[in-house]
Amino acid sequence: MTMWRYTFSHDPLSHTAVEGGEKDDGLSKDCLFCNLIALDSILVTANIQLIDFISRIVKVDADATCEDAIEAFRKERGKDGGITLAYLVSQTFLESTPATLDWNHSSCSSKIIIEPLCRKRQRLYNHNPIKNGINLKRQLSSRSNKLLPYLFERSDIWCDQDSFHITFAVVLEHDHVDRENNCQTTPQVVELEEILTNYLTNMCSNLSLSDLLAHVANSVLQTKIRQMLPSIDAVGFIANGSIMPRKSGVSLSPMTSPPAIPFVAPEGSSMSLDITVDIGKLCKYVRNKNIHSINETTVTISGMIIPKGITLVVGGGYHGKSTMLRTIMVSVYNKVLGDGRELCVTDSSAVTVRAEDGRYVNNTNVSAFISNLPIIGSDTRKFSTREASGSTSQAANVAEAIEMRASALLVDEDVSAANFMSRDGRMRALVMDESITPLLYRVNGLYAKHGISSVVVVGGVGDWLDVPNAVIKLDRYVASDALQKARSISYQFSHNHVQYGGRGVVHRLPWDGDGTPRRRRPVITLFDKSVDVDSCKLSLLDGGGRFSLWQESSNEYNHDDGYDSDDDTGIVDMTKCEQLIGGNCHLFGCGICALWILKRARQKPELDMHDLVSELDIILDGGGGMKSIIDSFVSSKSTSSPILFSLLEQHVGHIYRPRKFEILMALTRMRGISFEELPTEVDEEDMKIKREAEERKRMLAELWANRRHKKG
């Protein structure tokens with residue numbers, strides 16, 4: 001028998017827990033059956049040594065010998081192998097549950113139901129349809145057994161360095177229980193563990209060893225390519241043969257080819273490149289027809305890089321521009337085999353920025369883009385608003401991406417504010433006192449000063465042809481290198497000809513040091529009182545993409561809608577955060593991590609947001625992963641976690657690990673939160689640039705004054 005080990009804990013949503021209050025977290029095996037009867041259900045975490053899992057459970061087939069597979073998995077898997085294994089097991093687990101099993105023991109006969117956390121409690125919801133103002137029946141919906149094609153760390157199934165862990169629910173069918181005869185339970189615990197062991201072993205044995213290693217090789221390969229990007233001066237790579245379009249706008253499955261056209265890098269372009277990647281012993285398990293060649297330990301892939309600097313993606317409508325940007329955007333994550341884009345990778349620090357009308361902004365330095373507002377007393381170095389416009393919201397998004405130390409900005413003209421993106425010469429001549437400095441004028445200075453690249457989809461504004469280092473033109477979904485043509489067109493018009501208010505050549509302004517975001521830390525002022533973070537709960541709001549932070553003791557909570565419609569304090573709207581692609585599990589993960597940041601900020605007031613999220617990453621990279629963050633929220637009044645209760649209550653069950661960028665996006669969009677600045681070192685180079693800009697303005701003013709004097 002395989003060596004599965006079990007930990008049992010109270011289920012916050014069991015019938016007795018819901019009716020009588022939260023229970024202690026520990027659950028003794030000596031009273032397991034008594035508790036199972038009283039509580040309806042329990043949570044079980046099973047773990048097994050990874051080597052035992054691979055060698056004694058996973059099905060060995062002709063394509064992979066056990067010894068070679070174990071050696072390849074042990075030596076090359078890294079963190080990606082564990083995430084991939086968790087993905088495959090979770091897919092198998094979803095397909096095999098709910099599972100009803102007989103539990104025949106000495107005192108009575110009963111049945112147990114094994115369910116994943118994301119799908120459990122449907123029977124219990126019928127008994128308790130309303131809890132804390134949330135209509136649980138309304139939130140239940142049919143869930144697909146198909147997982148998203150992205151590889152995320154998750155809180156219910158995970159691997160640490162040596163072990164594999166899976167958490168699920170065991171629900172007791174009370175119709176089969178003799179409540180009078182439930183004593184002497186130690187043998188019954190052993191019987192239950194044997195039932196669970198048989199189920200888990202049989203379920204996991206459906207995995208093929210060669211399939212597992214093929215998926216692991218695919219994930220490791222993507223990570224290795226991503227690690228190579230800085231050495232080839234790129235922020236992204238798109239492999240030849242990739243299928244970028246999806247079946248439909250709501251589908252994540254690749255479009256069938258034909259009609260989909262596989263990607264081919266522009267012939268003869270400096271962007272076309274063959275890259276060789278060393279993935280060691282996993283090479284023999286690689287399954288991808290788009291790989292150019294496979295050697296003993298290396299693979300060679302042909303494709304197109306997205307170079308550092310300013311890259312434009314241009315072309316006519318419906319020719320594939322936004323589809324390419326979408327591929328670049330989601331490729332910050334690893335994808336599963338069969339996605340069609342599994343050999344497309346993007347620097348993990350690339351961030352999508354767009355307009356977000358109505359977003360909340362507090363104490364953000366947007367002066368690089370917004371200045372001289374006609375509002376008395378306004379200081380755009382400390383800009384705050386509860387309802388940002390399209391241009392101010394996009395300016396705040398760019399400023400926060402700089403603050404988060406993004407490596408690249410991903411921008412689509414279609415979802416951006418027009419006046420923030422560009423302004424042509426005729427409009428400059430008509431409106432000379434403009435408060436907005438467009439992104440077009442700033443991208444080169446931003447790259448020169450901070451090393452932040454920009455990938456911009458453009459279809460209607462030719463002024464952008466003045467600024468790029470690379471231009472990808474799409475014509476009927478076929479890519480070509482249009483840089484030389486773009487430079488020729490730019491030279492015919494205004495390139496290097498027009499000054500912008502004494503600040504430099506228009507479209508290529510140097511970055512002003514005053515526009516660099518300051519170090520900030522969050523200050524908890526929600527609900528106009530000090531928030532007890534440990535007692536906070538998260539509620540998903542109707543419509544998707546939003547959640548609310550609230551305290552159970554708060555009288556401001558509305559039991560019909562989940563929040564008071566007259567007070568939006570604590571609400572976070574992430575519907576426009578386009579790289580948050582993991583649904584409610586990703587959204588909830590952002591909320592939990594944002595709460596952790598708030599808690600840590602109170603403990604260490606000297607840390608800025610980047611420092612705080614770096615500490616969080618260290619913890620998440622440790623053995624406990626996302627589950628350790630959930631477990632860290634233990635109320636001072638109880639030994640159980642209100643966060644876990646919220647997670648299970650709302651039919652989410654588990655969370656995906658978000659990137660640091662999405663965590664900080666959740667934090668900065670939390671309505672009612674405040675930020676205070678921390679001391680920042682003076683940048684001498686910034687001061688020099690500022691003095692030079694002031695001198696240019698002075699000289700220009702003198703020039704105009706002399707001209708007026710001569711005319712007089």
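Distances between placed amide hydrogens fall under 5 Å for Ser674 paired with Val523, Thr525, all partners being 5 or more residues away or on another chain. Protection proxy ranking for 351-361, 420-430, using the average of other Cβ atoms within 10 Å per residue and placing the highest first: 351-361, 420-430. Packing-based ranking of 149-161, 473-485 yields 149-161, 473-485, ordered from highest to lowest mean Cβ neighbour count within 10 Å.
What does the charge count around Gly358 come to, taking other residues whose C-beta lies under 11 Å from its C-beta (Lys +1, Arg +1, Asp -1, Glu -1)?
0
Between Val457 and Val313, Val411, Asp412, Glu413, the built amide H atoms are under 5 Å apart, and every one of these is 5 or more places off in sequence or on another chain. Per-atom-type breakdown for the range 283-336 gives carbon and sulfur 50% of the accessible area (1.4 Å probe, protein chains only).
Summing Lys, Arg as +1 and Asp, Glu as -1, what charge do residues with Cβ under 12 Å from the Cβ of Val467 carry, Val467 excluded?
Cβ neighbours under 12 Å give a net charge of +1.
Only protein atoms count toward the accessible area here, which uses a 1.4 Å probe; on the range 192-236, the carbon and sulfur part of that area reaches 45 percent.
Label-to-label distance, Leu700 versus Glu606, with points set 7 angstrom from Cα along the beta-carbon direction: 4.3 nm.
With a Förster radius of 22 Å applied to the C-beta separation of Ile294 and Gln227, the computed FRET efficiency comes to 0.70.
When peptides 314-325, 461-472, 603-614 are sorted by average Cβ neighbour count within 10 Å, with the highest value leading, the order is 461-472, 314-325, 603-614. The candidates Lys146, Lys449, arranged from most to least accessible area with a 1.4 Å probe in the full protein assembly, appear as Lys146, Lys449.
The values are calculated or read from the model by the stated rules, or taken from the named source; none is laboratory data. In this text, all values refer to a predicted model and were calculated from it rather than measured experimentally. Heads up, the Cβs are rebuilt from the backbone with ideal geometry, glycines too, and the neighbour counts pull from every protein chain shown. Areas reflect the complete protein model, heavy atoms only, side chains present, ligands, DNA and RNA absent. Shrake-Rupley method; radii C 1.70, N 1.55, O 1.52, S 1.80 Å.
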